[in-house]
Structure formats: structure tokens, C-alpha cells
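Input: a single structure, listed below in C-alpha cells.
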Amino acid sequence: MTFLKSAARKLAIFSVAMIMVVGTFFMNASEASAAEITIVMGGTKGLVFEPAIATIKPGDTVTWNVGALPPHNVQFSKTPGDAALAASLSHKGLEGKGKSFSVTFPADAPAGNYDYFCMPHRGAGMVGKIVVEG
Ligand SMILES: [Cu+2]
């Protein structure tokens, strides 16, 4: 009987472990779908994007929130794609406090570095980079 109880306990522990392992597969599957990341324009360190460098995958959405020292915007200056892609990702309007805007990177966005800056504050060093993974 003791042997059977021990075997049943081992089976129960094994079952719980398997459920956790299978659950991890589902978590990884959801991570593979499109993600959303947020960048603050003008944060605690002044005229900077926080984070200044963000890594995404094609199909992900980036939202920029206006923080301190507005107005701000996002102009892509150098991308692995063509000028039309840079223009389509850019937000030309100037946004004030409490505003935000989002851009979804195309599913076929080429991998590489997407450099951008804030037009009014480029000279102050307000630049950022989106790294699109392949
Ligand atoms: Cu700015």
C-alpha cells in the first residue's frame, strides 16, 4: 500500500509538472504574437526618449507618450527600408502633454536599426532607436 501511495504521489507531482511545462508552451506562443511597447518622450532625464533603444519584431506596435517638456514628435531618419517606410512610421504633428500616438511596424518590415529623433529637440540630443529583429 505504501508503495502504491508513493507511486500515486509521484504520478500527481509528475502530472502537475507536465501541466506547468505545457502551460509554458502556451505562454511562449502568446509571446510570439504581436506585442505593444511604450516609449515616453521627455522623461525623468529631460529631453530623451525612455527607453532610448527598444527592440521589437515586425508587426509589433510602438506607442509614444508625451512626458515632460513637450511638444514632441517622432521622425525616422534612417531605416533599413526605403524613404516611404520612414515617412509612414513618422509622426509629423507636434504633440502636447497627455497625448500619445502609435505606429504598427509592418509585418514585412526589414530587420535592422530604425533611427529617429524628435524634430524640436534633435539638437538637444533627443534621439531614439527601434531595433527590429528578423
Ligand atoms: Cu521632443
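The values are calculated or read from the model by the stated rules, or taken from the named source; none is laboratory data. Bear in mind the structure is a predicted one, so any value in this text is a computation, not a measurement. FYI the Cβ positions are ideal-geometry reconstructions off the backbone, even for glycines, and counts take in every protein chain you see.
Of all residues being touching a strand residue (DSSP E or B) at 6+ places or on another chain (Cβ under 6 Å) and surrounded by fewer than 18 Cβ atoms within 10 Å (Cβ to Cβ) in the stretch 59-68, which is modelled with the lowest pLDDT? Just the residue, please.
Within the stretch 59-68, the first condition is being touching a strand residue (DSSP E or B) at 6+ places or on another chain (Cβ under 6 Å), and the residues that meet it are 61-68.
Okay, now just the ones that are also surrounded by fewer than 18 Cβ atoms within 10 Å (Cβ to Cβ), so 61, 63, 68.
Values: T61: 98, T63: 98, A68: 95.
Per the stated criteria, the residue is A68.
If I ask for residues that are loosely packed, with under 15 Cβ neighbours inside 10 Å and under 17 Å from M119 (Cα atoms), which ones from the stretch 69-82 would you list? Break it down stepwise before answering.
At the first step, the residues of the stretch 69-82 found to be loosely packed, with under 15 Cβ neighbours inside 10 Å are 77-78, 80, 82.
Hits for the stretch 69-82 are S77, K78.
In the stretch 86-130, what count of residues is obtained for those that are assigned to a strand (DSSP E or B), more than 16 Å from the ligand (Cβ to nearest atom) and surrounded by 14 or more Cβ atoms within 10 Å (Cβ to Cβ)? So that I can check it myself, show each step before the final result.
Restricting attention to the stretch 86-130, the residues satisfying the condition of being assigned to a strand (DSSP E or B) are 91-95, 100-104, 112-117, 127-130.
Within this subset, residues satisfying the condition of being more than 16 Å from the ligand (Cβ to nearest atom) are 102-104, 112-114, 130.
Restricting the remaining residues to those that are surrounded by 14 or more Cβ atoms within 10 Å (Cβ to Cβ) gives 103-104, 112, 114, 130.
Of the residues in that region, 5 qualify.
What are the pairs, 6+ residues apart or on separate chains, where a residue within the stretch 73-101 that is at positive phi has its Cβ under 8 Å from a residue that is part of a strand (DSSP E or B) and among the aliphatic types (A, V, I, L, M)?
Listed by first residue and then by second, the contacts come to G98/V66.
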